[in-house]
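Visitor: Quick one: structure below, then a few questions.
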Amino acid sequence: MRVTVAGVELASPVIAASGTFGYGVEFEEIVTIAKIGAFVTKGLSREPMAGNPTPRIVETSSGMLNAIGLQNMGVKAFVAEKMPRLRQIPGAVVIANVFGFTIDDCLEVIRVLNDAPGIAMYELNASCPNTSHGGMVFGTDQHLLAELVSKCERASLRPLIVKLSPNVTSIAKMAKSAEDAGASGLSLVNTFLSMAIDVETRRPRIANVTAGLSGPAIKPIAVRMVYEVANAVKIPILGMGGILRAEDAVEFMLAGATAVQVGTASYADPRAVENIANGLRRWCATHEVAQASSLTRGLQL
């Protein structure tokens with residue numbers, strides 16, 4: 001079941017996605033951390049953030065809308081309060097999710113994390129609006145993305161995975177820009193910009209009006225985007241978007257993902273990520289797949 005992402009060996013290709021697994025410590029009594037590949041922390045910012053007003057989560061017919069607003073305790077508190085315990089959990093592979101509203105914000109978060117032992121790699125969220133450029137999202141502009149990635153890569157002492165926004169014309173071009181700028185790997189896809197309206201009140205169901213759509217509804221689009229990116233870059237891909245069972249993980253890997261991330265499924269079943277990891281092991285045994293890594297880019301055309 002072992003796979004290697006950006007030089008880091010994982011016990012399983014199945015990873016818990018950012019924003020759905022807290023800071024990891026919240027799940028240690030629910031999930032056997034050593035049985036999953038890794039987990040990605042909630043997004044970490046330069047200073048603590050309270051997030052958006054409620055309601056900020058709405059269930060849809062085949063997924064979920066969320067506009068949490070990147071609520072988090074701040075990178076310094078994470079290092080001081082969470083990392084000591086995470087270092088004690090056997091087999092824990094910690095991927096720290098990094099974000100900011102300016103490049104300097106991201107660089108400061110990385111500098112703080114660089115001094116913290118026990119972190120395997122960083123995941124840079126490129127779906128944030130850059131307040132220095134009128135709110136344009138880093139991940140929707142090739143030049144902004146390249147500048148962000150190159151500066152963060154130079155500052156980072158660990159592999160830098162870049163999490164891409166799917167709200168673009170060509171995900172392959174954005175992925176290539178990130179690779180050329182020095183990304184060690186890519187996570188895709190993040191949520192799709194969406195909206196829901198209560199027809200009785202005639203008001204948006206989310207206080208923020210718009211929100212990110214995740215869950216099974218986006219899986220076919222996410223698989224297509226992973227396939228396109230896998231044909232455009234050579235660096236590893238962490239695929240995500242609507243993974244509920246082992247077969248979903250296999251589908252992403254056949255499309256080109258080295259590993260996968262499980263997110264929304266954890267809201268319905270807190271043990272989903274471990275169950276999918278165990279299910280993938282059984283699937284491989286049943287289908288006589290000796291090495292899970294052989295599934296990557298195994299699509300037959």
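Visitor: Could you check Glu28 against (1) under 17 Å from Cys128 (Cα atoms); (2) open to solvent by 10 Å² or more (accessible area, probe 1.4 Å) and say which number it fails?
Guide: Glu28 satisfies every listed condition except (1).
Visitor: Right, another one. Please go through the stretch 246-280 and give me each residue that is free of Cβ contacts under 8 Å to residues at least 12 places away in the same chain and either closer than 11 Å to Ile36 by Cα or in contact with an Asp or Glu (Cβ under 6 Å, 6 or more places away or on another chain) (or both), ordered by number. Show your work before the answer.
Guide: Kept after step one, since they are free of Cβ contacts under 8 Å to residues at least 12 places away in the same chain, are these residues of the stretch 246-280: 268-269, 275.
Result: Asn275, single match.
Visitor: Taking the stretch 174-211 only, how many residues are of a type outside the set (S, T, N, Q) and surrounded by fewer than 22 Cβ atoms within 10 Å (Cβ to Cβ)?
Guide: Applying the first criterion (of a type outside the set (S, T, N, Q)) to the stretch 174-211 yields 174-176, 178-183, 185-186, 188-189, 192-193, 195-200, 202-207, 209, 211.
This time we only want the ones that are surrounded by fewer than 22 Cβ atoms within 10 Å (Cβ to Cβ), so: 176, 179-182, 192-193, 195-200, 202-205, 207, 209.
Going through the stretch 174-211 one residue at a time, the tally reaches 19.
Visitor: Which residues, taken from the stretch 58-74, are in contact with a Phe, Trp or Tyr (Cβ under 8 Å, 6 or more places away or on another chain) and either within 21 Å of Pro129 (Cβ to Cβ) or open to solvent by 50 Å² or more (accessible area, probe 1.4 Å) (or both)?
Guide: Residues satisfying the conditions are Leu70, Asn72.
Visitor: Can you tell me which of (1) at pLDDT below 95; (2) at negative phi is the one Asn97 doesn't meet?
Guide: The number of the failed condition is (1).
Visitor: Separate question: Just wondering, is there one or more residues in the stretch 79-89 that are at pLDDT 95 or above, open to solvent by less than 30 Å² (accessible area, probe 1.4 Å) and part of a helix (DSSP H, G or I)?
Guide: Yes - at least one qualifying residue is present in the stretch 79-89.
Visitor: Considering the stretch 116-173 alone, what residues qualify as being crowded, with 17+ Cβ neighbours inside 10 Å, modelled with pLDDT under 95 and part of a strand (DSSP E or B)?
Guide: Asn130, Val137
Visitor: Could you give me the residue pairs with C-beta distances under 7 Å whose first residue belongs to the stretch 71-94 and is touching a residue at least 60 places away in the same chain (Cβ under 8 Å) and of a type in the set (D, E, K, R), whose second residue is surrounded by 15 or more Cβ atoms within 10 Å (Cβ to Cβ) and part of a helix (DSSP H, G or I) wherever it lies, and which are 6+ apart or on separate chains?
Guide: Arg85/Val25
Visitor: If I go through the stretch 245-301 residue by residue, how many of them are more than 30 Å from Leu65 (Cβ to Cβ) and open to solvent by 10 Å² or more (accessible area, probe 1.4 Å)?
Guide: 19
Visitor: Find all pairs meeting these conditions: Cβ atoms under 7 angstrom apart; at least six residues apart or on different chains; first residue within the stretch 29-53 and farther than 26 Å from Ala67 by Cα; second residue among the β-branched types (Val, Ile, Thr) and assigned to a loop (DSSP other than H, G, I, E, B).
Guide: Ile33/Ile89; Gly37/Val93
The values are calculated or read from the model by the stated rules, or taken from the named source; none is laboratory data. This one's a predicted model, so the numbers in the text were calculated from it and none came from an experiment. Heads up, the Cβs are rebuilt from the backbone with ideal geometry, glycines too, and the neighbour counts pull from every protein chain shown. Side chains are part of the model used for accessible areas, which takes the heavy atoms of the whole protein and leaves out ligands, DNA and RNA. Shrake-Rupley method; radii C 1.70, N 1.55, O 1.52, S 1.80 Å.
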